[in-house]
1. Can you pull out the residues in region 114-132 that are assigned to a loop (DSSP other than H, G, I, E, B) and open to solvent by 70 Å² or more (accessible area, probe 1.4 Å)?
2. Within region 154-169, track down each residue that is assigned to a strand (DSSP E or B), open to solvent by less than 40 Å² (accessible area, probe 1.4 Å) and closer than 22 Å to His191 by Cβ.
3. Mind checking which residues of region 217-267 are open to solvent by 70 Å² or more (accessible area, probe 1.4 Å), in contact with a Leu (Cβ under 7 Å, 6 or more places away or on another chain) and at pLDDT below 85?
4. Scan Gln92, Gln69, Gln62 and give me the residue that is in a strand (DSSP E or B) and without any contact (Cβ under 8 Å) to a residue 24 or more places away in the chain.
5. Can you find, within region 183-208, the residue that is nearest to Gln250 (Cα to Cα) among those that are under 34 Å from the mean Cα position of the chain (by Cα) and open to solvent by less than 30 Å² (accessible area, probe 1.4 Å)?
6. Restricting to region 75-103, and then to whatever is out of contact with any helix residue (DSSP H, G or I) (no Cβ under 9 Å at 6 or more places or on another chain) and of a type in the set (Val, Ile, Thr), can you tell me which residue is most open to solvent (accessible area, probe 1.4 Å)?
7. Of the conditions (1) more than 25 Å from Leu42 (Cα to Cα); (2) open to solvent by less than 50 Å² (accessible area, probe 1.4 Å), Cys211 fails just one. Which one is it?
8. Please work out if Leu44 is at pLDDT 80 or above, open to solvent by 30 Å² or more (accessible area, probe 1.4 Å) and closer than 30 Å to Tyr166 by Cβ.
Amino acid sequence: FDDIFSHFGFNFGGGPGGGGRQQREQSTPNVNIPLRVSLKQLYLGDTIEVEYVRQTLCVNWQECMKANQECQGPGVKVRMQQIAPGFVQQVQQRDERCVARGKMWSSNCRACPDGQTQSEKIELTIDLNKGMYPGEPITFEGVADEKPGMSPGDLNFVVTQEKHEYYHRDGDHLYVTMEIPLVDALTGFKHEFEHLDGHKFVVNVDDVTECDHVMRVSGKGMPRRGGRGGYGDLFITFDVDFPETLTADQKKGIRQILGGRGGSDEL
């Protein structure tokens, strides 16, 4: 019977809450900070040292707490209002002085002259694993700001990948566009690439290469995540550079090699 009325904010002379339900501990907001890294760092992995300034509780903060039964949690004050004989309604208000259930902060407390919190600079070591994805968080649990009556939230460094001059990434794969002259497209070629970590590898092409042809090179992408091991692939798009003009002799030589109608427009 009591629970029916407590659902609507009523209580029959009982204590605040009507049912003695335990409040779930609140936490301060999580903090997300972009971690700007290069594609090379994501390929090799890296260890990054950073400094972070957060708010921590005053050392003697507990001495500044006083009992107040109207406080029902951090920032929450509930008072009882009688609306009829035998009927009491709970009225909830926002009060930042409430720091926990039954506890209120004493203003101008000598034990904490600067207030509830104080600034603290901490040093953190960020382990950037090989192949991490953009948008992936690196979390330090319970390192966000502290506040009386609340557990500290998490500090998240969110991986933000900087643009690379040549390579483009999509998942575990890398993509690059290479411009080649027409003579190479027709006769074949070999080209030496330098990878993100500085090692070099050669790509050989023996056949005729069409414009926008895509070549797949296995194992030359990014390190795979999720314990799969190995590497993704590299996809090379060839952009054929056609000459703007040809001399008469060049045109004649090309026709002799490739064949043609000798410039005749007759059908």
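1. If the condition is that a residue be assigned to a loop (DSSP other than H, G, I, E, B) and open to solvent by 70 Å² or more (accessible area, probe 1.4 Å), then Asp114, Asn129, Lys130 are the ones that fit.
2. Arg169
3. Passing the criteria: none in range.
4. Of Gln92, Gln69, Gln62, the one residue that is in a strand (DSSP E or B) and without any contact (Cβ under 8 Å) to a residue 24 or more places away in the chain is Gln92.
5. The residue in question is Phe193.
6. Ile83
7. For Cys211, the exception is condition (2).
8. Judged against the criteria, Leu44 is a match.
The values are calculated or read from the model by the stated rules, or taken from the named source; none is laboratory data. Note that the structure is predicted; figures quoted are calculated from it, not measured. In this analysis, Cβ positions are derived from the backbone assuming ideal geometry, glycine residues included, and neighbour counts consider all displayed protein chains. With ligands, DNA and RNA removed, areas are computed over all heavy atoms of the protein, side chains included. Shrake-Rupley method; radii C 1.70, N 1.55, O 1.52, S 1.80 Å.
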